[in-house]
1. Give the accessible area for PHE135 in Å² (nearest 10); use a 1.4 Å probe, count only protein heavy atoms, and leave out ligands, DNA and RNA.
2. In percent, what relative contact order does region 57-295 have, based on Cα pairs under 8 Å that are 6 or more apart in sequence?
3. Rounded to the nearest 500, what is the chain's calculated 222 nm mean residue ellipticity when only DSSP H runs of at least 4 contribute -39500 (n - 2.57) each, over all residues?
4. Principal axis extents for region 57-295, Cα atoms only, whole Å, descending order, please.
5. Running a GNM on the chain with Cα contacts under 10 Å, which residue among PRO243, PRO370, PRO257 ends up with the highest mean-square fluctuation?
6. Please give the net charge around GLY195, taking every other residue with its beta carbon less than 9 angstrom from that of GLY195, where Lys and Arg add +1 and Asp and Glu add -1.
7. I need the calculated FRET efficiency for the pair ARG313 and ALA53, taking r as the beta carbon distance and R₀ as 30 Å, to the nearest 0.05.
8. Loop-only GluC sites (Glu not before Pro) in region 1-67, please: DSSP not H, G, I, E or B, and at most 14 other Cβ atoms within 10 Å.
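The values are calculated or read from the model by the stated rules, or taken from the named source; none is laboratory data. Treat the numbers as computed from the prediction; the structure is a model and nothing was measured. Cβ placement follows ideal geometry from the backbone for every residue including glycine, while neighbour counts extend to all protein chains displayed. Ligands, DNA and RNA are excluded from the accessible area calculation, which covers all protein heavy atoms including side chains. Shrake-Rupley method; radii C 1.70, N 1.55, O 1.52, S 1.80 Å.
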Amino acid sequence: MDIKAMDKAYVANTYNRFPLQLVSGKGSVVKDEQGKEYIDLGTGIAVNTFGIADDVWQQAVTEQLSRLQHTSNLYYTEPCARLAQMLCERTGMKKVFFSNSGAEANECAIKVARKYAAEKKGSDYHTIVTLWNSFHGRTLTTLAATGQDVFHKDFQPLTTGFVHANANDLADVAAKVRENKTAAVMLEVVQGEGGVNALDKAFVQGVAELCRKEDILLICDEVQIGNGRSGKLYGYMHYDVQPDIVSTAKGLCGGLPLGATMMNEKTEAVLGFSDHGSTFGGNPVCCAGALSTVSRLDDTLLQGVTERSALIRKALEGKKGIKSVTGLGLMLGIETEKPAGEVIAKCMEKGVLVLSAHGKVRLLPALNIPMELLKKAVDILAEVCGE
Ligand SMILES: *Cc1c(COP(=O)(O)O)cnc(C)c1O
């Protein structure tokens, strides 16, 4: 049996995989089982921050792997403590809870918001307002937070206490906050799965101000846009707001599962002993990878993200077959005249891997993809769109 057939026979049928088996790679070039090379503009959905088998990352991870791979959270380890310190110093947040995925990072954020509101105002103040078209994960609670009904229909009842408002509609958010006994507003400053749409600055600032006035928490889901992808360390930093809770995952470790929920001075003391936990969370190998990754996200690197973003926009905006380019930094959505699926298949044929999001073509390249390689890949994409 070949691998594709074996996978179809034995792996749960939840993924509509591309007809491509990947076996190895280096940087932004990945190879299939035939040895054919592809320029990777997807990075495993914004996970491989510095591409595949990056030397610095690999060394950080393998050194820790050869020393101590796991301890549980019953013991202290250096990578976990150092990573928490680095994240706090670079964001101004005060404490971090580590988990293994974006959904879990959001679950923790939701638990913190509920406990904060319960202690302050009473346990009936538990509603969390999120946005239509958002994506916050696949667990029953983060699905409830996700403002897209398509994901909900077969899995009722979901966790209660989530209400959705329209993105970029401050009056709607304010109405939802006031109609309900609300604990928090949770948003992605750039909606990823919802079609790579950056929220308006005035809207995000208005929500932050509303949260402050109503004494409710602002949660930023930075699972996809976080960790340098926007051109700043975290996406909210483009908006001049200070969230009370920041959740992140995907690109944090650069290729291994790690989630983080950061809490500020308002929320750092909410969780106490046994309020939350994770067996794998803060795993030393993942934390060593994240320490290496985050420490490289300096001004030069972030400037490079902005330059690469400009290169992509210049190569695509206004070109034949391309209606719009949305997003921020190296998280971009391309609205094409052809169906996105067709563009993706054609690009794959021509050796370029791109993703989709809500009918758009989505680009999430490595933050250090060489300029020439990026240019070559987006030129192929432009050609495919214009054919
Ligand atoms: C991917 C994603 C999640 C879920 O992350 P998992 O690691 O798949 O659980 C949550 N929020 C956003 C914004 C995401 O992009």
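1. Spelled out: PHE135, probe radius 1.4 Å, area about 40 Å².
2. Value for region 57-295: 30 percent.
3. -11500 deg cm²/dmol, from helical runs alone.
4. 54, 38, 36
5. Residue with maximal mean-square fluctuation among PRO243, PRO370, PRO257: PRO370.
6. Within the 9 Å Cβ shell, the charges total 0.
7. It comes out at approximately 0.55.
8. Sites meeting the loop and neighbour criteria: GLU33.
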